[in-house]
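Okay, so here's the structure we're looking at.
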Amino acid sequence: MSAINYDVELRRAGAHATRGWRKYKYMAGRHVLGTIGLVIMVIFVLAAIFANVIARFDPLEVDSVHALAAPSAKYWLGTDAFGRDVFSRIIHGARISLAVGLGSTALGGSIGVVIGLASGYLSGWVDLIFQRIIDILQALPLLVLALVMTAALGPSLENVIIAIAIPLVPSVARVIRANTLALRELPFVEAANAIGMSEMRIVFRHILPNTLAPLIVLATAQLGSAILTEASLSFLGLGIPEPYPSWGRMLSESAAEYVRTAPWLVIFPGIAISLAVFGTNLFGDALRDILDPRQRG
Amino acid sequence: MLGYIVRRLALMLITLFGISVIIFVLLRIVPGNIVDILFDAAGFVDPSDKANLERELGLDQSIVVQYLHWIGGLLHGDLGYSYVSEKPALDEILPRIPITARLAGLALMFSAAIGIPLGVLSALKQGSRLDYILRAVSLSGLSLPSFWLGLLILMASVSMFGTMPIYTPNPQSFGQAVAIYCVPAMAVGFRSAALVMRITRSSMLEVLRQDYIRTARAKGASETTVNFRHALKNGMLPIITVLGIEAAFLVGGLIVTETVFNIPGIARFLVEAIRWRDYPIVQNLVMFCALIVVLANFTVDMLYAVFDPRIRYND
């Protein structure tokens, strides 16, 4: 694999065409879908941060008088079987999704980076052992592994993050390993070696920064699948426990029985999940187009 | 080639062994086993009864002994007994496999039938408005949770027909069979179709840039011949890979889809068994999933050599 010159790729994407705000405007014009994705992501992050301000009701407050109320001026997206405001729960649910998404991507990414660097730089038996571990982790579908892990660890926010992070490790480790193998042979690493730089310093100061671009591309893609997996786990009742308003759990509570009577309980949380994931996917796609020319169509 | 196959098979065995150890340990670090759950539900019970039951299920032995017992049985085709139904695990698992296999097969057919043509179209019209729309649709396919798609389909069917497709083991009519299998298959296959479409598009774009495509055009081959006989045929490899991997990984998507549509396949069975801490079922089902994935990977690699004569596994 040949190393990619990211400066050239960024310039081709329009990053260096102009300066200041016009630069971003120019890039946004060239990558419309990616910009839409970024806007969606920003909206979700803002919703999560300012959930307390935006939400009109306490997402956990039970109000049996107004149970299963249809969407109205008071309850924008209706209420659930316990009379909890769906809009407020979705806004607060953004926190859970974001926490799990970012948490598991960061955790899985960090473990993957360490394994990938060690495996690619040290080679030999370290590589052999890590490769077998990666093989093992890759032999199970993401959801199956995450399901067994949450079952083993017990349902809690931290455990769901861990359960989703571990299945994300292999792809990060593989990308970092492949990049490290290619970078290891380049003159600048040889030079660093020649002046007696420690291996740790070479790996973390010189090799790691050069693998950041593919890492960011991969992490964005994984953010989407982490959010989806959390929703699936919670939907199955094995993810985030009550009373946290997780989008997946909102759908599991409402599932088939409310399909007839309270469709808003099915429609809105699903839109929230889909939009959040769609946004990250759009943004991730644009990033990949810019940073990974091998994949460019 | 033979040496490569032997080495691959050896690695497959190592992977399966690793999975078996990890799953076995994971399931047993959970505080509380099935006996605790059963007895908690029953209220106060004589502790000696509890100890008896634990002995009967072999839960009083050390974890290593339990593991060896399981693997030993597995090699003889004895998967142990379900804690919940007390029937042999094999008898519980086997009848559910065809249901899931049918769904997965239909979903794959659906994803290939939709994904490949649309991917080709998207590549041929690269940069056009149609390409943009198709790309957005395929991205949305990767973004919609399949259980939500399933719920939406149920909702649509309720509002249109006043009823929803309910699984029966013996469908009365062809239409009913279509409803109970094809509808869930489409719900789960939408994602795979989107994936296949993206891979087809990028693979086609890659191939269309090659010199031999220009040569084919230059010698006067028609557009159809160039696009399908030269381009698509050579671009099939990544598509086959994705279809092969998806075939194995569909179990993940089917877990939620079978739950939504109430279909008694192995994917939903896995969730039920996890809820009940029914270890013999969970560990055997997970091993089964891993076996399918490992075999699918192997088959895809072998197909590579068939489809691309330049690939020779000889070292």
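The values are calculated or read from the model by the stated rules, or taken from the named source; none is laboratory data. What you see is a predicted model; the values in this text were computed from it and never measured. Neighbour counts are summed over all protein chains in view; Cβ atoms, including those assigned to glycine, are modelled from backbone coordinates with ideal geometry.
Quick test for you: out of B:Ser202, B:Ser146, B:Ser122, B:Ser173, pick the one residue that is away from chain A (no Cβ under 14 Å) and of a type in the set (Ser, Thr, Tyr).
After applying the criteria, what remains is B:Ser173.
Regarding the range B:177-187, can at least one residue be identified that is among the small types (Gly, Ala, Ser), within 12 Å of B:Thr257 (Cβ to Cβ), modelled with pLDDT of 90 or more and in a helix (DSSP H, G or I)?
Taking every residue of the range B:177-187 in turn, at least one turns out to be among the small types (Gly, Ala, Ser), within 12 Å of B:Thr257 (Cβ to Cβ), modelled with pLDDT of 90 or more and in a helix (DSSP H, G or I).
Which one of B:Ala305, B:Ala248, B:Ala290 is at negative phi, at the interface with chain A (Cβ under 8 Å from one of its Cβ atoms) and at pLDDT below 90?
Working: B:Ala305 fails: at the interface with chain A (Cβ under 8 Å from one of its Cβ atoms); B:Ala290 fails: at pLDDT below 90.
Every option except B:Ala248 fails the conditions.
Can you pull out the residues in the range B:275-287 that are away from chain A (no Cβ under 13 Å) and at pLDDT 90 or above?
Selection gives nothing.
Considering only the range B:112-163, state which residues are under 24 Å from A:Glu230 (Cβ atoms) and in contact (Cβ under 8 Å) with a residue 60 or more places away in the chain.
Correct list: B:Ser138, B:Pro145, B:Ser146, B:Phe147, B:Gly150, B:Leu151, B:Leu154.
Looking only at the range B:242-273, which residues are surrounded by fewer than 24 Cβ atoms within 10 Å (Cβ to Cβ), β-branched (Val, Ile, Thr) and without any contact (Cβ under 8 Å) to a residue 60 or more places away in the chain?
Result: B:Val242, B:Ile245, B:Val271.
So A:Ser254 ticks every box in (1) assigned to a helix (DSSP H, G or I); (2) at the interface with chain B (Cβ under 9 Å from one of its Cβ atoms); (3) at pLDDT 85 or above; (4) touching a Pro at 6+ places or on another chain (Cβ under 9 Å) but one. Which box is left unticked?
So the condition that A:Ser254 fails would be (3).
Quick one: which helices (runs of 4 or more DSSP H) lie wholly within the range A:1-55 and hold at least 1 residues that are at pLDDT 90 or above?
It comes to A:32-49.
When residues of the range A:257-292 are filtered for being among the aromatic types (Phe, Trp, Tyr) and at the interface with chain B (Cβ under 9 Å from one of its Cβ atoms), how many remain?
Looking only at that region, the number is 1.
Only one of A:Gly83, A:Gly108, A:Gly78 is closer than 24 Å to A:Ile166 by Cβ, among the small types (Gly, Ala, Ser), in the same structural domain as A:Val266 (by TED's automatic domain parsing) and out of contact with any Lys or Arg (no Cβ under 7 Å at 6 or more places or on another chain). Can you tell me which?
A:Gly108
Collect the residues in the range A:62-91 that are in a helix (DSSP H, G or I) and modelled with pLDDT under 80, keeping them in residue-number order.
A:Ser64, A:Val65, A:His66 - these are the residues of the range A:62-91 that are in a helix (DSSP H, G or I) and modelled with pLDDT under 80.
Based on what the data block shows, is B:Pro238 farther than 30 Å from B:Val158 by Cβ, more than 11 Å from chain A (Cβ to nearest Cβ) and outside any helix (DSSP H, G or I)?
Judged against the criteria, B:Pro238 is not a match.
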